[in-house]
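Worksheet: one structure, shown below.
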Amino acid sequence: MGVYPEKFQLLSLYVQDQKDEPFDLEKGYSVRLIDIKEDRLLTDIPLDEKGFPRSLLPGDQVRVGYVVSGTFYTFDTTVTQIVSDQVPLLELQKPEKDAISKVQRRKYFRVPVMLRSVLHPIEPTAFERNGKRFTPEEILAACDADTGVEVVVVDLSGGGFAFRSPKKVLSLGQTVVGTLDLPLNKPTRIVYCAEVRRAVREAESDFYLTSLEFTNIIERQRDQVLRYCMQRQLEIRKRLREST
């Protein structure tokens, strides 16, 4: 049985481009839960990347995702109405708790960023020795500081990140341990292990784009990554509104 999100918590809202199509979990909208009623939830109106309201009608199906105590939950629900108040709100049917699912393997929406990460290439055998599985912090502590490669992260989600570089830094399938600095309310350093899922040269820029998936990260720190992604999306939406 799942748990409900808290009032004023940030949520990920996923919509269908076409009826009966699967929800695209890479294209979530960040909204805030404004109020919780007995059988309804009220959120912000989702905005697209240009700052315009995402068109939703009563009866449309949506999926809601959120984090509670480091665990990601989702539920499917229905738009009941658009509430015309001083600020328009989206009203959703409140699900029963047994309709809320705990998601083990997660995919999140991605946001453009400009963040510092330091990578250390490691062997897959570094994760475990003599039956003991090491944490990312323990693996990092065993690395030589001189082996670190500093990169600028340009794309971030709760599942991993991507960086661009003028030359090829990592190869497909390579494993790394690294740190990622997040500018939250107080500077936060994330320690993670990740595997390269994509490494291609971009024809239009001659730069290499390398995408990595987190393979070992403390869930509390993944929660911090997700919170930063939501915060970043809100910042982008605010700038877009102010520029129009």
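Summed over the stretch 45-67, residues that are within 19 Å of R232 (Cα to Cα), in contact (Cβ under 8 Å) with a residue 24 or more places away in the chain and under 19 Å from the mean Cα position of the chain (by Cα) total 7. If you go through the stretch 235-244 and keep only what is part of a helix (DSSP H, G or I) and over 10 Å from V111 (Cβ atoms), you end up with R237, K238, R239, L240, R241, E242, S243.
If you filter the stretch 118-142 down to residues that are in a loop (DSSP other than H, G, I, E, B) and under 25 Å from the mean Cα position of the chain (by Cα), you find that the one that is farthest from P187 (Cα to Cα) is F134.
In the stretch 176-226, the qualifying residues are those that are in a loop (DSSP other than H, G, I, E, B) and of a type in the set (D, E), and the one that is modelled with the lowest pLDDT is E204. Looking at the stretch 67-107, which of its residues are modelled with pLDDT under 85 and either in a loop (DSSP other than H, G, I, E, B) or of a type in the set (S, T, N, Q) (or both)? Of everything in the stretch 67-107, those that are modelled with pLDDT under 85 and either in a loop (DSSP other than H, G, I, E, B) or of a type in the set (S, T, N, Q) (or both) turn out to be S69, G70, T71, S84, D85, Q86, V87, Q104, R105, R106, K107. Considering G160, G148, the condition of being modelled with pLDDT of 90 or more, of a type in the set (G, A, S) and more than 14 Å from the chain's Cα centre (by Cα) is satisfied by G148 alone. Conditions first: (1) without any contact (Cβ under 8 Å) to a residue 40 or more places away in the chain; (2) surrounded by fewer than 14 Cβ atoms within 10 Å (Cβ to Cβ). P166 passes all but one, so which condition is the exception? Evaluating P166 over (1) without any contact (Cβ under 8 Å) to a residue 40 or more places away in the chain; (2) surrounded by fewer than 14 Cβ atoms within 10 Å (Cβ to Cβ) leaves (1) as the failure. Need the failing condition index for L115 against (1) over 22 Å from F161 (Cα atoms); (2) over 14 Å from the mean Cα position of the chain (by Cα); (3) modelled with pLDDT of 90 or more, just the number. Of (1) over 22 Å from F161 (Cα atoms); (2) over 14 Å from the mean Cα position of the chain (by Cα); (3) modelled with pLDDT of 90 or more, only one is false for L115: (1). Per the listing A203, A194, the residue uniquely more than 19 Å from the chain's Cα centre (by Cα) and hydrophobic (A, V, I, L, M, F, W, C) is A203.
Residues of the stretch 27-66 that are buried (at least 20 other Cβ atoms within 10 Å of the Cβ), assigned to a loop (DSSP other than H, G, I, E, B) and modelled with pLDDT under 85: G28 alone.
Within the stretch 177-202, the residues that satisfy the criterion of being polar (S, T, N, Q) and touching a residue at least 24 places away in the same chain (Cβ under 8 Å) are T179, T188.
Selection of first residues in the stretch 207-233 that are at positive phi and of second residues that are among the basic types (K, R) and in a loop (DSSP other than H, G, I, E, B), restricted to Cβ pairs under 9 Å at least 6 apart or on distinct chains, gives an empty result.
The values are calculated or read from the model by the stated rules, or taken from the named source; none is laboratory data. None of these values were measured; they are calculated from a predicted model. We place every Cβ from the backbone using ideal geometry, glycine too, and count neighbours over all the protein chains shown.
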